């Protein structure tokens with residue numbers, strides 16, 4: 001039976017090399033497919049049961065081996081919603097099962113992919129080039145905290161960012177050691193503005209105040225309805241001695257004040273500096289206060305001056321130099337565009353704010369190479385892969401895509417080997433056929 005066994009082995013060899021050729025062909029065809037994972041061919045020997053001295057080389061069986069754990073090259077892209085996973089992890093995606101009115105419905109079955117060419121469709125979903133919808137954890141735009149503990153299909157169609165009142169103003173500046181102006185009490189007609197308890201400047205003294213103080217910068221803040229409130233600051237040096245200087249800070253409370261109406265309000269603290277130009281004390285300490293400008297009040301605003309942010313060194317022209325003046329309020333706004341930054345979907349709004357709207361969820365599997373391949377570079381979990389673990393340690397890179405992990409040079413080398421092996425198996429069949437023909441000639 002040796003000749004016929006040889007024929008059987010040769011046929012299995014032809015089948016195995018045909019299977020290898022099919023995988024090589026598919027790999028080459030998908031060498032430019034985003035997120036594609038190469039399929040390798042593994043050969044397994046098939047032998048018959050026989051005594052040790054009667055064992056023969058048998059046929060062969062060809063199977064596939066996944067390379068899901070092999071990273072493709074990360075390529076930069078211009079589309080802001082493109083994303084790639086650098087390292088461990090899979091995007092969690094879903095396919096719609098139908099429609100309910102104008103909304104897509106989903107079956108609740110999750111798939112997984114490394115294809116990250118997502119773009120927002122007309123319904124506000126992020127969909128990749130193969131038609132899979134991105135899933136993640138939506139964030140509360142006000143707190144930045146997740147609103148769901150499990151991944152869900154992300155939709156950004158009607159995002160509206162409500163107004164946020166200013167609660168903190170961050171300030172940093174250098175006050176000149178030799179200011180260009182100084183306080184002169186003889187020129188004042190109203191009350192003493194240096195009373196930190198209730199110090200004010202009336203409209204009658206506004207021009208005097210301006211001539212004896214330094215511009216401290218201005219910033220647009222917002223009330224609870226999102227109305228802009230322009231807060232303008234000025235500094236006045238209140239004392240100068242060999243032991244150091246003291247300053248007080250005012251903000252303009254009424255731009256159209258007249259007569260005895262209050263035009264400028266003291267913030268209520270004295271800022272003292274030592275001879276080295278460092279802030280030595282703030283008396284009393286700064287506390288949150290209501291800021292009222294032209295009748296519009298922003299309640300409980302904290303003036304935040306970090307350690308080392310307020311100094312008194314020599315300055316050209318004797319002017320104050322504002323190094324930082326920012327605040328955390330904003331007007332209401334509508335969503336304009338999306339981008340990806342550090343694993344989060346970030347929305348850019350019409351009010352100029354960029355707010356994180358969702359975390360991109362990454363899934364991980366103990367048996368990563370045992371995932372079931374689906375059309376469109378997606379995969380399904382199997383008993384062999386295990387259930388998804390939402391603990392992917394990879395980094396989501398925005399404006400980037402993961403290329404196919406196929407190496408064309410390697411595939412061409414394997415193509416030559418498969419061709420030679422196929423030809424050799426065909427030669428075995430030709431030889432076996434000639435031997436059989438010889439045997440039939442003898443019988444005749």
- Item | Selection within the stretch 265-295 - touching a strand residue (DSSP E or B) at 6+ places or on another chain (Cβ under 7 Å), modelled with pLDDT of 95 or more and closer than 18 Å to residue 203 by Cβ | 293
- In the stretch 193-224, residue nearest to residue 295 (Cα to Cα) [restricted to those that are at pLDDT 95 or above and under 33 Å from the mean Cα position of the chain (by Cα)]: 223
- Query: So which residues in the stretch 392-402 are modelled with pLDDT of 95 or more and either buried (at least 18 other Cβ atoms within 10 Å of the Cβ) or out of contact with any strand residue (DSSP E or B) (no Cβ under 8 Å at 6 or more places or on another chain) (or both)?
  - Reply: 396, 397, 398, 400, 401, 402
- Message: Quick check on this structure: which one of 283, 255, 275 is in the same structural domain as residue 173 (by TED's automatic domain parsing), loosely packed, with under 14 Cβ neighbours inside 10 Å and closer than 15 Å to residue 210 by Cβ?
- Response: 255
- Message: Take the residues in the stretch 104-147 that are farther than 22 Å from residue 399 by Cα and surrounded by 13 or more Cβ atoms within 10 Å (Cβ to Cβ); name whichever of them is modelled with the lowest pLDDT.
- Response: 141
- Task: Scan the stretch 359-381 for residues that are part of a loop (DSSP other than H, G, I, E, B) and closer than 23 Å to residue 156 by Cβ and jot them down.
- Result: 361, 376
- Exception for residue 311 within (1) under 27 Å from residue 205 (Cβ atoms); (2) within 41 Å of the chain's Cα centre (by Cα); (3) part of a strand (DSSP E or B) falls at (1)
- Counted residues in the stretch 110-143 being more than 24 Å from residue 84 (Cβ to Cβ) and touching a residue at least 60 places away in the same chain (Cβ under 8 Å) come to 1
- Message: Checking residue 84 against (1) out of contact with any helix residue (DSSP H, G or I) (no Cβ under 8 Å at 6 or more places or on another chain); (2) more than 24 Å from residue 347 (Cα to Cα); (3) assigned to a strand (DSSP E or B): exactly one of these is not met. Which one?
- Response: (2)
- Flag if residue 413 is in contact (Cβ under 8 Å) with a residue 60 or more places away in the chain and surrounded by 12 or more Cβ atoms within 10 Å (Cβ to Cβ): no
- Somewhere in the stretch 382-389, is a residue within 22 Å of the chain's Cα centre (by Cα), under 30 Å from residue 158 (Cα atoms) and outside the structural domain of residue 33 (by TED's automatic domain parsing)? no
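Residue-by-condition table, conditions (1) surrounded by fewer than 15 Cβ atoms within 10 Å (Cβ to Cβ); (2) part of a loop (DSSP other than H, G, I, E, B):
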| position | (1), (2) |
| --- | --- |
| 16 | no, no |
| 23 | no, no |
| 37 | no, yes |
| 42 | yes, no |
| 60 | no, no |
| 71 | no, yes |
| 92 | no, no |
- Which one is surrounded by the most Cβ atoms within 10 Å (Cβ to Cβ) among residues in the stretch 148-158 that are over 18 Å from residue 343 (Cβ atoms) and at pLDDT below 90? 157
- Message: Residue under question is residue 97, and the condition is that it be in a loop (DSSP other than H, G, I, E, B) and surrounded by fewer than 15 Cβ atoms within 10 Å (Cβ to Cβ); does it hold?
- Response: no
- Answer yes or no as to whether residue 199 is in contact (Cβ under 8 Å) with a residue 12 or more places away in the chain and on the phi > 0 side of the Ramachandran plot. no
- Message: Checking the condition assigned to a loop (DSSP other than H, G, I, E, B) and within 25 Å of residue 230 (Cα to Cα), which residue from 142, 130 passes?
- Response: 142
- Message: So, in the stretch 206-221, how many residues would count as being under 24 Å from residue 299 (Cα atoms) and crowded, with 17+ Cβ neighbours inside 10 Å?
- Response: 4
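The values are calculated or read from the model by the stated rules, or taken from the named source; none is laboratory data. As the structure is a computational prediction, the values presented were derived from the model and not from experiment. Positions of Cβ are backbone-derived with ideal geometry, glycine not excepted, and every protein chain shown enters the neighbour counts.
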